[in-house]
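I have placed the structure first, in the form of structure tokens, so that the comments after it can refer back to it.
The values are calculated or read from the model by the stated rules, or taken from the named source; none is laboratory data. Since this is a predicted model, take the numbers as computed values, not measurements. Cβ placement follows ideal geometry from the backbone for every residue including glycine, while neighbour counts extend to all protein chains displayed.
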Amino acid sequence: MRHEAVAWAESVLCEPVVEVTELPGGLTSTMLALTQRSGASSVLRLMTKDPWRAHGADLTRRERAAQIQLLATPVPAPVSLGLDAEGVATGVSAHLMSRLPGAPATHIDAATVAAMAEMLAGIHDVRPTEPFRDYQSWAWEAKWTVPTWSRQPDVWSRAFDLLAAGPPTYEPTFLHRDFSHRNLLWLDSSISGVVDWVETSTGPAWLDAAHAATNLAVSCGTESATSFLTAYAALTATRPDRYWLVMDAVGFLPPPGKKAFFDSVDELDRLDAWLHEVMTTDLRP
């Protein structure tokens, strides 16, 4: 499969690929960094991992469409170079795109959080020519089971009750939908790239902010997450909505019988602490 995929990429690039390196961290896909004979670099997404593989055609088409919409904006997104959504040439859904400079952050500090908030506000200012699909909740009702590892099960029960009451009204906004420090590249102290646009959607801006906050909370703790929300609220002159924050936190639970995306004791404890923060603290700036 990899050989066929690289051969397809060469046909799109119109030059040979002299080096192939698998990039770390791909949850949904195999991500290959391609170095071309000219010295230029590109990235090839191959939708090889279940359950995303079954939806690969839609995901890669959506990513390409998002990147096209972002071409004329200040958002530093990759440029789409080629698409084999049905995997005719590559065997799986494939998307070839430019490779952006920079690397993931190795340390999260106040400046990192502030830059993230500013970038997300800029993404939400994008007005695509056609709306993307409506957002999908990842807090499915099948997940509404109090986790056995929680130190405060009553908080989870209250969170499930909040979700059962239904979402508040919101103004539809262009969403990255998987915005987090994990999907950002940095050069020095500046964001040089926003990657992984396969989940691009239309929905509530605070759901995007909530996802970034949950990721920060699980990785670093509640202080970074709260600081991010405060910065985003100040930039957008809006207030956090508990519903979207809860929806995102609950979305990190695995479906019954499935393994969580993370399972270290520290990460689970931080998710537990973040939900408690969201449910019991006034998060208004």
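Structure notes:
- Any hit, the stretch 90-113, residues being among the basic types (Lys, Arg) and within 23 Å of LEU23 (Cα to Cα): yes
- Some residue of the stretch 80-90 being in contact with an Asp or Glu (Cβ under 6 Å, 6 or more places away or on another chain), at pLDDT 95 or above and crowded, with 20+ Cβ neighbours inside 10 Å: yes
Residue-by-condition table, conditions (1) in contact with a strand residue (DSSP E or B) (Cβ under 7 Å, 6 or more places away or on another chain); (2) not assigned by TED's automatic domain parsing to the domain that holds VAL194; (3) not in a strand (DSSP E or B):
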position	(1), (2), (3)
VAL18	yes, yes, no
ALA54	no, yes, yes
GLU63	yes, yes, yes
GLY82	yes, yes, no
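- Scanning the stretch 181-197 for residues that are surrounded by fewer than 23 Cβ atoms within 10 Å (Cβ to Cβ) and either in contact with a helix residue (DSSP H, G or I) (Cβ under 6 Å, 6 or more places away or on another chain) or not hydrophobic (A, V, I, L, M, F, W, C) (or both) yields HIS181, ARG182, ASN183, ASP188, SER189, SER190, ILE191, SER192, GLY193.
- Screening ASP263 against (1) within 20 Å of ASP154 (Cβ to Cβ); (2) without any contact (Cβ under 8 Å) to a residue 60 or more places away in the chain; (3) surrounded by fewer than 16 Cβ atoms within 10 Å (Cβ to Cβ) leaves a single unmet condition, (1).
- Pairs where the first residue, in the stretch 238-260, is more than 15 Å from SER137 (Cβ to Cβ) and assigned by TED's automatic domain parsing to the domain that holds ALA212 and the second is modelled with pLDDT under 95 and of a type outside the set (A, V, I, L, M), C-beta under 6 Å, 6+ apart: ARG239/ARG284; ALA260/PRO254
- Within the stretch 186-210, the residues that satisfy the criterion of being more than 21 Å from ALA65 (Cβ to Cβ) and not aromatic (Phe, Trp, Tyr) are LEU187, ASP188, SER189, SER190, ILE191, SER192, ALA209, ALA210.
- Number of positions in the stretch 209-223 that are surrounded by fewer than 24 Cβ atoms within 10 Å (Cβ to Cβ), among the small types (Gly, Ala, Ser) and more than 17 Å from PRO104 (Cα to Cα): 1
- Filtered by the rule that a residue be under 19 Å from the mean Cα position of the chain (by Cα), in a helix (DSSP H, G or I) and among the small types (Gly, Ala, Ser), the stretch 233-261 gives ALA249, GLY251.
- Answer from VAL218, VAL146 - the residue that is β-branched (Val, Ile, Thr), more than 19 Å from the chain's Cα centre (by Cα) and within 16 Å of GLY251 (Cα to Cα): VAL146
- Among residues that are in a helix (DSSP H, G or I), surrounded by 13 or more Cβ atoms within 10 Å (Cβ to Cβ) and within 17 Å of the chain's Cα centre (by Cα), VAL155 is not included.
- Boolean, THR230 is more than 20 Å from ILE68 (Cβ to Cβ) and either at pLDDT 95 or above or part of a strand (DSSP E or B) (or both): yes
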